[in-house]
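Just below is one structure, and these are the notes that go with it.
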Amino acid sequence: MSPVQLSEDDLAKALIDLPEWTRTGDSITRTVEASSFLAGIELVRRVAGAAEAANHHPDIDIRWRRVTFTLSTHDAGGLTALDVALAREIDRLHSQS
């Protein structure tokens, strides 16, 4: 069974606590700048571990020190609680780097 899409109201409330994330259609995106290329790669490694544990995987784009994470629950056709939870975890991991 696919996760349930968040309502517009629930999504708006969730994004209040995720100010660095931007919604575009059926996804949310955040770009972070790491202190070095290797620090960015390490952040991606840590996010990959969290994503694998959650069985929910972001699209990741690495451009030198800039790392962009895009989240969407494709099998639900939009944004779900899985995306919000992983966005929070990405924020937490980034704050530790």
Name every residue in region 1-46 that is exposed (fewer than 10 other Cβ atoms within 10 Å of the Cβ), within 16 Å of the chain's Cα centre (by Cα) and of a type outside the set (Gly, Ala, Ser), in order of residue number. Ile16, Pro19, Thr24
Among (1) part of a loop (DSSP other than H, G, I, E, B); (2) in contact (Cβ under 8 Å) with a residue 60 or more places away in the chain; (3) surrounded by 14 or more Cβ atoms within 10 Å (Cβ to Cβ), His56 falls short only on (2)
Report, by residue number, each residue of region 59-97 that is assigned to a helix (DSSP H, G or I) and among the hydrophobic types (A, V, I, L, M, F, W, C). Ala76, Ala81, Leu82, Val84, Ala85, Leu86, Ala87, Ile90, Leu93
Which residue out of Arg30, Arg46, Arg23 is of a type outside the set (S, T, N, Q), in a helix (DSSP H, G or I), touching a residue at least 12 places away in the same chain (Cβ under 8 Å) and within 16 Å of Leu86 (Cα to Cα)? Arg46
Just checking, how many residues over region 59-77 are surrounded by 14 or more Cβ atoms within 10 Å (Cβ to Cβ) and touching a helix residue (DSSP H, G or I) at 6+ places or on another chain (Cβ under 9 Å)? 9
Qualifying positions in region 1-60 - of a type in the set (Val, Ile, Thr) and at pLDDT below 95: Val4, Thr24
Among the listed residues Phe37, Phe69, which satisfies the condition of being touching a Pro at 6+ places or on another chain (Cβ under 6 Å) and over 21 Å from Ser7 (Cα atoms)? Phe69
From the list Ala39, Ala34, Ala54, which one is of a type outside the set (Ser, Thr, Tyr) and in contact with a Gly (Cβ under 7 Å, 6 or more places away or on another chain)? Ala34
Take the residues of region 59-95 that are free of Cβ contacts under 8 Å to residues at least 24 places away in the same chain and not acidic (Asp, Glu): which is farthest from Thr31 (Cα to Cα)? His74
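The values are calculated or read from the model by the stated rules, or taken from the named source; none is laboratory data. Everything quoted here is computed from the prediction, not taken from an experiment. No Cβ is skipped: glycine too gets one built from the backbone with ideal geometry, and neighbour counts run over all protein chains shown.
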